[in-house]
1. Since residue 198 meets every condition but one in (1) assigned to a loop (DSSP other than H, G, I, E, B); (2) touching a strand residue (DSSP E or B) at 6+ places or on another chain (Cβ under 6 Å); (3) farther than 24 Å from residue 79 by Cβ; (4) modelled with pLDDT of 95 or more, which condition does it not meet?
2. Among the listed residues 225, 278, which satisfies the condition of being of a type in the set (S, T, N, Q), more than 18 Å from residue 96 (Cα to Cα) and at pLDDT below 95?
3. Please verify whether residue 57 is among the charged types (D, E, K, R), more than 25 Å from residue 148 (Cβ to Cβ), modelled with pLDDT under 95 and over 18 Å from the mean Cα position of the chain (by Cα), treating the condition exactly as stated.
4. If you take the residues of the stretch 85-113 that are small (Gly, Ala, Ser) and touching a residue at least 12 places away in the same chain (Cβ under 8 Å), which of them is nearest to residue 255 (Cα to Cα)?
5. Would you pick out the residues in the stretch 84-130 that are more than 20 Å from residue 160 (Cβ to Cβ), surrounded by 17 or more Cβ atoms within 10 Å (Cβ to Cβ) and among the acidic types (Asp, Glu)?
6. Looking only at residues in the stretch 136-156 that are out of contact with any Lys or Arg (no Cβ under 9 Å at 6 or more places or on another chain) and part of a helix (DSSP H, G or I), which one is farthest from residue 229 (Cα to Cα)?
7. Is it true that residue 133 is part of a strand (DSSP E or B), modelled with pLDDT of 95 or more and surrounded by 17 or more Cβ atoms within 10 Å (Cβ to Cβ)?
Amino acid sequence: MPPAALAIIAVVVVIGIIALIARGGDEPVASVAAAEPVIPAISEEDIAAAAEQLGPRDQELVSIGETGVSINRAGGGRKYVALTFDDGPGPDTPAVLAELKKLDVPATFFVIGRNVKENPQVLNQVVAAGHEVGVHTWNHPDLTTLTPKEQESEIASTAGEIVAVTGMASRLFRAPYGSVNPAVLKRAEDAKLLSVLWDVDTVDWTRPSTEQIVQTAVANAGPGSIILMHDGGGNRASTVAAIPKIVSQLRAKGYEFATVGDLVISDPPGSDDMSSDSRSTQQ
């Protein structure tokens, strides 16, 4: 192949990689790109069950965020951080759970509805281990490209599936790619879900080394940080191996760990810790 043609191909590849990284937070889900599974029908009763299971803690979580706002971190008043894992449950979720159990660390898992349907027993393992569960849509689309009705279906179906499998309602929501707009945030509010993004992205979906994941997490974490990692969407061996190193290094700096819900309730975010923008525009 002529050198000029090779140069053009190289430029195209680099542009594609830059575009993916700029998107932030998540990689596209290959099976969704190939053929998006049909979102199951959900009744008004199922939606109500997912939205109305509000105990005192749930009510506090839902009320923390202002209308049209996502939480990026907690207030920074306590030296606690939250580890979060997106795109499961999947093949690597049990290994993530095993590491967290050894370390006695709670975490928050933002799950994809179709993965919950395929792996209900794994989601029950997450809940049985005392971790928190959040909604990450059914098919992992960029919600800002969908109609309001499609946005509602993606969110409500996943919230309903979580209730059906675990008997517990989630109160947290994370948009795929961190991509939100006023319409998406309104759908989350209608479902009585607090929109949660992050302030530390390990970019583990790009398949960096274990040490790179550790370095990114530890160097960028501060009091109240919400750290983004993944337990689904591909091979997460490097992420699993990074967990004990992240925990040990942050503990050496005096940090403790909490679920997102406990973090923001105990250390409510201020206006600087919330935004109405997509995370993908801030990467």
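The values are calculated or read from the model by the stated rules, or taken from the named source; none is laboratory data. This one's a predicted model, so the numbers in the text were calculated from it and none came from an experiment. Don't worry about glycine lacking a Cβ; one is built from the backbone with ideal geometry, like all the others, and counts go over all protein chains shown.
1. With respect to (1) assigned to a loop (DSSP other than H, G, I, E, B); (2) touching a strand residue (DSSP E or B) at 6+ places or on another chain (Cβ under 6 Å); (3) farther than 24 Å from residue 79 by Cβ; (4) modelled with pLDDT of 95 or more, residue 198 is out only on (3).
2. Just a single option satisfies the conditions, and that option is 278.
3. Numbers: among the charged types (D, E, K, R): yes; more than 25 Å from residue 148 (Cβ to Cβ): yes; modelled with pLDDT under 95: yes; over 18 Å from the mean Cα position of the chain (by Cα): yes.
Yes: the conditions hold for residue 57.
4. Applying the filter and picking the extreme gives 107.
5. Those that are more than 20 Å from residue 160 (Cβ to Cβ), surrounded by 17 or more Cβ atoms within 10 Å (Cβ to Cβ) and among the acidic types (Asp, Glu): 92, 99.
6. 149
7. Values: part of a strand (DSSP E or B): yes; modelled with pLDDT of 95 or more: yes; surrounded by 17 or more Cβ atoms within 10 Å (Cβ to Cβ): yes.
Criteria met by residue 133.
Residue by residue, here is whether (1) in contact with a Cys (Cβ under 8 Å, 6 or more places away or on another chain); (2) closer than 22 Å to residue 26 by Cβ; (3) among the aliphatic types (A, V, I, L, M); (4) without any contact (Cβ under 8 Å) to a residue 24 or more places away in the chain holds:
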| residue | (1), (2), (3), (4) |
| --- | --- |
| 200 | no, yes, yes, no |
| 225 | no, yes, no, no |
| 238 | no, yes, no, no |
| 243 | no, yes, yes, no |
| 260 | no, yes, yes, no |
| 265 | no, no, yes, no |
| 276 | no, yes, no, no |
| 279 | no, yes, no, no |
